[in-house]
1. So if I check each of F181, F176, F156, F168, which one is assigned by TED's automatic domain parsing to the domain that holds M119 and either among the basic types (K, R) or free of Cβ contacts under 8 Å to residues at least 24 places away in the same chain (or both)?
2. Can you work out which of the residues in the range 1-27 that are among the β-branched types (V, I, T) and not in a strand (DSSP E or B) is nearest to E230 (Cα to Cα)?
3. Consider S13 carefully, then state whether it is within 26 Å of S108 (Cβ to Cβ), of a type outside the set (A, V, I, L, M, F, W, C) and modelled with pLDDT of 90 or more.
4. Just for the range 211-228: of the residues that are part of a loop (DSSP other than H, G, I, E, B) and crowded, with 17+ Cβ neighbours inside 10 Å, which one is nearest to the chain's Cα centre (by Cα)?
5. Out of the residues in the range 134-185 that are surrounded by 12 or more Cβ atoms within 10 Å (Cβ to Cβ), among the aromatic types (F, W, Y) and in a loop (DSSP other than H, G, I, E, B), state the one that is modelled with the highest pLDDT.
6. Take the conditions at pLDDT 85 or above and either outside the structural domain of D224 (by TED's automatic domain parsing) or among the small types (G, A, S) (or both) and apply them to S28. Does it pass?
Amino acid sequence: MDAFHVLENTEYSIMRMKINSGVYGSSSEIIDGKTKKRKLKKEASDIELRPFYLYVVFPRDSSEVTVNKGMFLFQNEGIYGIKTITTEYMQKFFSENFGITLSCRTISPDLFMRKIVTMESIKKLILIKNLNSFDAADNSHFGYGKEVRTIANLTFGAASWEALQRKFFHFMGNRFNLFEFEQQEYDTLKLNVSIGGRERTIDLHNLENLSIIEGIPSEIQLADGHPDLEKLDEHMAKVAREYLSEMVLEI
């Protein structure tokens, strides 16, 4: 891990860290994307290191709030990322050295819904109804099945989208809430959405450990594919302010 850089103002301090990550264990060939000719051969013991940036946000205390929460903002690159392995190492470090547990949770499911689940991003509704027989004997071992309904190719007007959003928020509000759709009630609602060019399926009753993924503006990327750090810092500070405005900073 390289030396870190700190951004500060009256609301927060943000620590930016560079983490080099890679894997080994299998050989491969590296070819020129234009000519298709082989340039290098990667041996099983070779590691292809990729740089990733982690931003740790420390909100400042105010006259009203003594802060005991913060934020991690992890950079992903396509299918590659460092969130899981980094938080696992952090949890081990804090446990072994200080006897405390590092707990990571979704910052704000409401903000996630407003920013990520939009008319343009949503692709499918997956509605699930657990069916139970009135005969207790039917349910004693394997249950009585479930009904799964998938609705795709969705189109919305402004009024219908607002009504659907209200139903989403109601369903998210309590894990025992049911989702009503076309005069039917469903126990489980999953949304298939496109985020940054990738599709994800989100269970609205299981948002607690969901990672919020946002696209980074294209103008931040340099010719070599890596970010312009000054522009990335500005973007991450903007993202941090948006989430801090929604966070409950006390436990």
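The values are calculated or read from the model by the stated rules, or taken from the named source; none is laboratory data. No experiment lies behind these values; they were computed from the predicted model shown. For neighbour counting, all protein chains shown are included, and Cβ atoms are generated from backbone atoms with ideal geometry for every residue, glycine included.
1. F176
2. So the residue we want is T10.
3. It is true that S13 is within 26 Å of S108 (Cβ to Cβ), of a type outside the set (A, V, I, L, M, F, W, C) and modelled with pLDDT of 90 or more.
4. Checked the range 211-228; the qualifying residue nearest to the chain's Cα centre (by Cα) is I212.
5. So the residue we want is F156.
6. no
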